[in-house]
Amino acid sequence: MSEPHHAISDTDLDTLFRSARTQNKWQDKPVSNAMLMAIYDLMRWGPTAANSTPARLYFVTTPEAKARLKPHLSPGNVDKVAAAPATAIIGYDLDFPETLPRLFPHQPKLKDGLTGKTELLNTMGLRNSSLQGAYFIIAARALGLDCGPMSGFDNAGVDQEFFAGTAIKSNFLCSIGYGDPAGVFPRNPRLSFDEACKIL
């Protein structure tokens with residue numbers, strides 16, 4: 001479709017999707033706490049089931065926090081996290097029903113209906129925090145940052161190190177900052193519409 005039919009420009013679409021790349025190296029430029037807050041302020045408006053918003057983000061920014069995360073990273077991700085200005089641990093809180101009376105007030109009994117349903121809570125938490133993690137990436141790109149999402153880490157180790165004593169479980173990591181183009185790999189192909197989709 002031509003640009004007049006778009007809600008945003010083709011340049012903006014390139015920034016969010018077509019030209020955006022997973023980053024492996026980072027420029028030595030900081031990301032402020034205000035920017036981290038701005039990312040969250042955008043991503044929080046994305047839809048989740050019953051407005052459950054189970055994602056919880058811990059931003060690893062200091063040398064001390066990076067040292068705590070390092071032992072739980074796959075070897076290929078150690079240098080990426082060390083060089084990134086910030087790495088978000090994107091997790092999900094299995095106690096998310098506690099906030100439903102405030103976030104989804106027109107169904108006041110929903111919290112009680114979820115209580116004790118461990119499998120459903122895990123499914124909802126993982127699914128919706130994954131959605132929120134995607135919103136996080138789009139929000140960061142929209143604000144001019146680059147992203148390096150990754151799943152190469154020990155979830156159990158990260159949970160013990162950062163979330164002990166809580167009901168939060170880790171989902172994935174995403175480094176953010178200003179990418180160094182020298183670290184970008186050649187663009188891999190994507191499936192075509194006909195390969196991935198059916199119109200029924």
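Rule-based calculations on the coordinates, nothing more; no lab input. In this text the structure is predicted, and so the values were computed from the model without any measurement. Note that each Cβ is placed from the backbone with ideal geometry, even for glycine, and that neighbours are counted across all protein chains shown.
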(request) Please give the direction-averaged projected area of the C-alpha convex hull for the stretch 1-119, in square nanometres with one decimal. (result) 11.6
(message) Multiplying the sequence separation of Asp79 and Phe193 by 0.36 nm and subtracting their Cα-Cα distance, what value in nm do you get?
(response) 37.5 nm
(request) Using Cα positions and a limit of under 26 Å, work out the lysines in reach of Lys169, with same-chain residues fewer than 8 apart set aside. (result) Lys66, Lys70, Lys80, Lys109, Lys111, Lys117
(request) Name the long-range amide H neighbours of Phe153: under 5 Å, sequence gap of 5 or more, or other chain; modelled H, no Pro or chain starts. (result) Ser74
(request) Kindly provide the Kirkwood hydrodynamic radius of the chain in Å, to one decimal, from all pairs of distinct alpha carbon atoms. (result) 18.4
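About the Cα centre, and with charges only on the beta carbon of Lys, Arg (+1) and Asp, Glu (-1), how big is the dipole of the chain? Nearest 20 debye, please.
With Lys and Arg at +1 and Asp and Glu at -1, about 160 debye.
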(message) Which residue fluctuates most in the GNM of the chain (Cα springs below 10 Å): Leu69, Leu173, Leu120?
(response) Leu120
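Using 0.36 nm per residue of separation minus the Cα-Cα distance, give me the extension gain between Leu16 and Asn51 in nm, one decimal. Walk me through the intermediate numbers first.
On the way: separation 35, 0.36 × 35 = 12.60 nm, distance 2.41 nm.
Between Leu16 and Asn51, full extension yields an extra 10.2 nm.
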(request) Could I have the simple spin-label model distance between Ala164 and Leu126, label points 7 Å from Cα toward Cβ, reported in nm to one decimal? (result) 2.5
(request) Just flag the trypsin sites (Lys or Arg not before Pro) in the stretch 73-119 sitting in loop per DSSP whose Cβ has no more than 11 other Cβ atoms within 10 Å. (result) Lys109
(request) Could you pull out every residue, at least 5 positions away or on a different chain, whose amide H is within less than 5 Å of the one on Gly46? Hs are placed 1.01 Å off N in the peptide plane, and Pro or chain starts have none. (result) none
(request) Apply the Karplus parameterisation 6.51 cos²θ - 1.76 cosθ + 1.60, with θ equal to phi minus 60°, to every residue of the stretch 19-32 and state each ³J(HN,Hα) to the nearest whole Hz, in sequence, with x for glycine and proline. (result) 9, 5, 9, 6, 9, 10, 10, 10, 6, 7, 10, x, 10, 6
(message) Under 5 Å between amide hydrogens, which residues at least 5 positions from Ser175 or on another chain qualify, with H placed 1.01 Å from N in the peptide plane?
(response) Ala88, Gly148, Met150
(request) Project the alpha carbons of the stretch 147-187 onto their principal axes and report the range along each, largest first, in whole Å. (result) 40, 17, 12
